[in-house]
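All of the numbers you see were taken from the coordinates with simple rules; none came from a lab. Given the structure is predicted, the values throughout are model-derived calculations rather than measurements. Note: ideal-geometry Cβ built from the backbone for every residue, glycine included; neighbour counts use all protein chains shown.
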There are 2 protein chains.
Amino acid sequence: MTEWYEFSEARRTIDPDERGFQYGDGLFETIAIRHGEPRLWEYHLQRLGAGCKRLGLKMPGAGSLKARLDLAISESRHESVFCIAKIIVTAGVLQRGYGRAMPAEPSIYIGMFPALPVNQPAYVKGVATMLCETRLATGSPVAGLKTLNRIEQVLARSECLPTGAFEGLTLDAEGRLICGTMSNVFIVSNKVIKTPSLERCGVAGTMRQFVLDLLDRQAVDVEVCDLDWADLVAADEVFIANSQMGAVPVHRCGNHKWAIGDVTRDVMKLLAENGIAECRL
Amino acid sequence: MTEWYEFSEARRTIDPDERGFQYGDGLFETIAIRHGEPRLWEYHLQRLGAGCKRLGLKMPGAGSLKARLDLAISESRHESVFCIAKIIVTAGVLQRGYGRAMPAEPSIYIGMFPALPVNQPAYVKGVATMLCETRLATGSPVAGLKTLNRIEQVLARSECLPTGAFEGLTLDAEGRLICGTMSNVFIVSNKVIKTPSLERCGVAGTMRQFVLDLLDRQAVDVEVCDLDWADLVAADEVFIANSQMGAVPVHRCGNHKWAIGDVTRDVMKLLAENGIAECRL
């Protein structure tokens, strides 16, 4: 079972008046712990900071947050060589009602989980995905952020479970391709890598940003743009990425199939060379 | 302070693995308790049922839910002549990850609060509102439902607090008038009552539906349609409604002012005659 560390008070339960429970008034980060260290830590901090700014929460100090995370890692009975930490930052317990002072003092919760690695053949042969019927609302004031408001992902991901699909891809209400339920999506068209703009909805993953930054440093052009279903179908290669698994090729979405191509393998090689060991083939 | 009754287990705290906390994977109803009885109970049940269906939760039995609510009312130290009950229904504690079986067994939490009545002069002179900068995402798969994903309302309502405005009106990302942060909005144009369609986003309030049903029984035509800022400004009368306060006239939104007119007063009279005592002038 999950171990929970709440550092605002020394207990393992949540007050029902928690605004995270009442309204989803908070944010979270799901962090890959590898050899006792949080991977892509700076990326998680950056996104958490952007989320706190948007939601009107004081950003926890980076040093204090890292110390708390280190404590949770050291106290956890899960193998810190390869596990998951989840940091939840909320507006805590305040007076009833939607409105509150901004910025609010954050309440911080840390959970430790065992990690289930993606099977190695998936990195070679790719994974099967499906198109979710659930569409993401567009024009969200918290687009790109990992808030506790995740009903859309719950609905979309729950579509996948009975089908056995590794991941579900989601469109927005207007038909744009946005992301997977737990990953970001990249397509390759004529050797050009493209990934959907997340200005209107979706979650901007830390691994997505890490891929974009690595490619930028390699002077590889990537287009962050509006894409739709037709762009996906017409792509030469497709891959998905998230903080836990790195990048994984996609060989199909429903009846549409793609080969695993050189560009995807190059991205995975680049990730493997930059600390994402799962992508080593 | 709030009193919380959790009936899935006999305790007053929440498990941090609660999906209501992790993802906002649940729904709530805020119910006016008047003289020991839940007002508009059938309306709350109807919306909760629609929400459970959409979210893939088994709807709690109406009789059992009422019995639990009655128990909470009887045990509460808040004056049951005039207080508030909040029922929260979630997917409970399940395995980690967005996806889950549907329908899931519901976890039920009931909170009792003291009610703060709206001052009587507000019903006569109207209230001041403001236009929120926060826009609602459009094309939501849970449009109209009262889910635990309420960050948009948190952001919008928090804009109001420093201004002293009684309520904030919100537009969607495309500029349509949708609702207030804690109420629904009605406009009157040339004696015709109109209220925004909530097909794309927003919360369909129980009092809104009660008003629509009462007017329908009186053979008064009401248009449920797309409205925008210009429609609001050009209106002859504006009022807002929610389950706690009934209907209240709006005399201004920012610099735009409206008179309190006969149509609004007629609606309030109709509500007062049908059990919404607050609207008696």
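Numbers at a glance
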item	result
Residues with amide H under 5 Å from that of B:VAL224, placed H, sequence gap 5 or more	B:THR195
Neighbour-count order for A:VAL118, B:VAL124, fewest beta carbons within 10 angstrom listed first	B:VAL124, A:VAL118
Cα gyration tensor category, rounded, prolate or oblate, for the stretch B:110-221 with a/c compared to 1.5	rounded
Residues whose placed amide H lies under 5 Å from that of A:VAL93, excluding near-sequence neighbours	A:ARG19
Shape call, the stretch B:70-132: gyration tensor on alpha carbons, a/c limit 1.5	oblate
For B:ASP262, label point 7 Å along C-beta direction: distances to other copies, nm	8.1
Across the identical copies, how the B:GLU42 labels are spaced - nm, sorted shortest first, 7 Å along Cα→Cβ	6.3
Exposed-loop-free span, longest in chain B, where GluC sites (Glu not before Pro) count as exposed if DSSP calls them loop and at most 16 other C-beta atoms lie within 10 Å	B:200-281
Phi-based couplings in Hz for the stretch A:103-113 (Karplus 6.51, -1.76, 1.60; Gly and Pro marked x)	x, 9, 5, x, 9, 10, 10, 10, x, 10, 10
Residues B:ASP213, A:ASP172, sorted so that the one with the fewest Cβ neighbours within 10 Å comes first	B:ASP213, A:ASP172
Gyration tensor (alpha-carbon) shape descriptor, the protein assembly as shown, a/c threshold 1.5	prolate
Cβ charges +1 (Lys, Arg) and -1 (Asp, Glu), total dipole of chain B, debye	280
For A:THR163, inter-copy label distances in nm, listed shortest first [label point 7 Å out on the Cα-Cβ vector]	4.3
Loop-resident sites, the stretch B:175-281, for trypsin sites (Lys or Arg not before Pro), counting at most 13 other Cβ within 10 Å (DSSP)	B:LYS191, B:ARG280
